[in-house]
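The values are calculated or read from the model by the stated rules, or taken from the named source; none is laboratory data. The structure presented is a predicted model; accordingly, all values stated were derived computationally and were not measured. Cβ placement follows ideal geometry from the backbone for every residue including glycine, while neighbour counts extend to all protein chains displayed. When the accessible area is computed, the model is the full protein with side chains, heavy atoms only, and any ligands, DNA or RNA have been set aside. Shrake-Rupley method; radii C 1.70, N 1.55, O 1.52, S 1.80 Å.
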Amino acid sequence: MEGEPAPAPATATDVERELVGIEVDAPQVGIVMGSKSDMPVMDKAAAELSERGIAHEVRVMSAHRDPGLVADYASNAKLRGLRVIIAGAGLAAALPGVVAAHTELPVVGVPLLSKTSVAGGLDAMLAIAQMPPGVPVACVGIDGARNAAVLAARIIDS
Ligand code: RP5
């Protein structure tokens, strides 16, 4: 009836009926990376989340090569139900910072070792960690994809 609140579900069947259409496996963590070449390392984050039963999605998008896609993804992430974004990138690793610029969600950055890295990946680590005040990115160690997932799990549980 118009204007009156819907009655509370009375039975388990009622509850089940209400749950139909709600996506129970909606991802809580978004794992993004700058290149397909990052996948072997970033897969470790996905494996850790799978082991913990945390629904996640994996996407390849580069802050430099696909800036519009990254902005769209990060801007809509919270609305889509994501709780944390893990972003891995090598070299001039802008991806975690650009994601953080477009969302209020916590962002965990993973500096990745790449074929042409300098100083053993310190280039990416500094690019990720040295964010300006007000736009934080949590930075794990070089190739630390598994730790990024553990941190994401802790953020979700906190
Ligand atoms: C970064 O450049 C990527 O995250 C990757 O780690 C690195 C090299 O990318 P590819 O040349 O393999 O695509 O943007």
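Please state the shape class of region 50-121: rounded when a/c is under 1.5, otherwise prolate if a/b exceeds b/c and oblate if not, all from the C-alpha gyration tensor.
oblate
Once you sort the root eigenvalues of the Cα gyration tensor of the chain as a ≥ b ≥ c, which label holds: rounded (a/c under 1.5), prolate (a/b larger than b/c) or oblate (the other case)?
Prolate is the answer for the chain, as a/c is 1.5 or above and a/b outweighs b/c.
Is region 105-149 best put as rounded, prolate or oblate by its Cα gyration tensor, with a ≥ b ≥ c the root eigenvalues, rounded for a/c under 1.5, and otherwise prolate when a/b is larger than b/c, oblate when not?
oblate
Rolling a 1.4 angstrom probe over the protein heavy atoms, how many square angstrom per residue are accessible across the chain?
Result: 57 Å² of accessible area for each residue.
Long-range amide H contacts for G88: which residues qualify at under 5 Å (H placed 1.01 Å from N, peptide plane, sequence gap of 5 or more or a different chain)?
Amide H to amide H, under 5 Å and 5 or more residues apart or across chains, G88 pairs with V32, M33, G34, V110.
Treat each spin label as a single point 7 Å out from the Cα along the C-beta direction, and report the A47 to A26 distance in nm.
3.0 nm
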